[in-house]
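Have a look at the structure below, then the notes.
The values are calculated or read from the model by the stated rules, or taken from the named source; none is laboratory data. Given the structure is predicted, the values throughout are model-derived calculations rather than measurements. Glycine gets a Cβ as well: all are built from the backbone with ideal geometry, and neighbour counts include every protein chain shown.
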Amino acid sequence: MKNFHPLLAAVILTGAAASSFAATSVKASVNGMVCAFCAQGIEKRLSKLPATQAVYVDLKQKVVAVEAKAGQTLDAKAITAEITDAGYDVTKLETLEQSLAEIKAGMKAKK
């Protein structure tokens, strides 16, 4: 490993940096979403939250996922409140150490 940068070598050997850079997301199962207008309304509301980096809505699987901005923490209660205030029911809520891309990939694999 003499040609590796010392920091890169530490990342490869310990894997510590990989976990510290993992994106944090909140994934919610939501009842009542039936059309693209529903999805757009939820996405718009959740995008306005200060810690939100991106929002993904899957109508068929009735899932809403919100990814946090780097170094920020999502407020699960605020996310639930926004979805509920929009007229939908949150049936399950979980915090994941995954990016939206990883959540989408996992959902596509389940289809």
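In the condition set (1) surrounded by 15 or more Cβ atoms within 10 Å (Cβ to Cβ); (2) outside any strand (DSSP E or B), Val34 is compliant with all but (1). If the condition is being closer than 16 Å to Ser47 by Cβ and basic (Lys, Arg), then the stretch 58-110 contributes only Lys69.
Here is a yes/no grid of residues against (1) at pLDDT below 95; (2) more than 15 Å from Gln98 (Cα to Cα); (3) touching an Asp or Glu at 6+ places or on another chain (Cβ under 7 Å); (4) buried (at least 19 other Cβ atoms within 10 Å of the Cβ):
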{"residue": "Ala22", "(1), (2), (3), (4)": "yes, no, yes, no"}
{"residue": "Lys27", "(1), (2), (3), (4)": "no, no, yes, yes"}
{"residue": "Val57", "(1), (2), (3), (4)": "no, yes, yes, yes"}
{"residue": "Lys60", "(1), (2), (3), (4)": "yes, yes, no, no"}
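Which residue is farthest from Ile103 (Cα to Cα), if the candidates are limited to the stretch 37-55 and must be hydrophobic (A, V, I, L, M, F, W, C) and in a loop (DSSP other than H, G, I, E, B)? It comes out as Leu49. Among the residues of the stretch 67-79, the one identified as surrounded by fewer than 16 Cβ atoms within 10 Å (Cβ to Cβ), touching a strand residue (DSSP E or B) at 6+ places or on another chain (Cβ under 8 Å) and part of a helix (DSSP H, G or I) is Ala76. Is it the case that Thr95 is in contact (Cβ under 8 Å) with a residue 24 or more places away in the chain, within 15 Å of the chain's Cα centre (by Cα), outside any strand (DSSP E or B) and surrounded by fewer than 16 Cβ atoms within 10 Å (Cβ to Cβ)? It is false that Thr95 is in contact (Cβ under 8 Å) with a residue 24 or more places away in the chain, within 15 Å of the chain's Cα centre (by Cα), outside any strand (DSSP E or B) and surrounded by fewer than 16 Cβ atoms within 10 Å (Cβ to Cβ).
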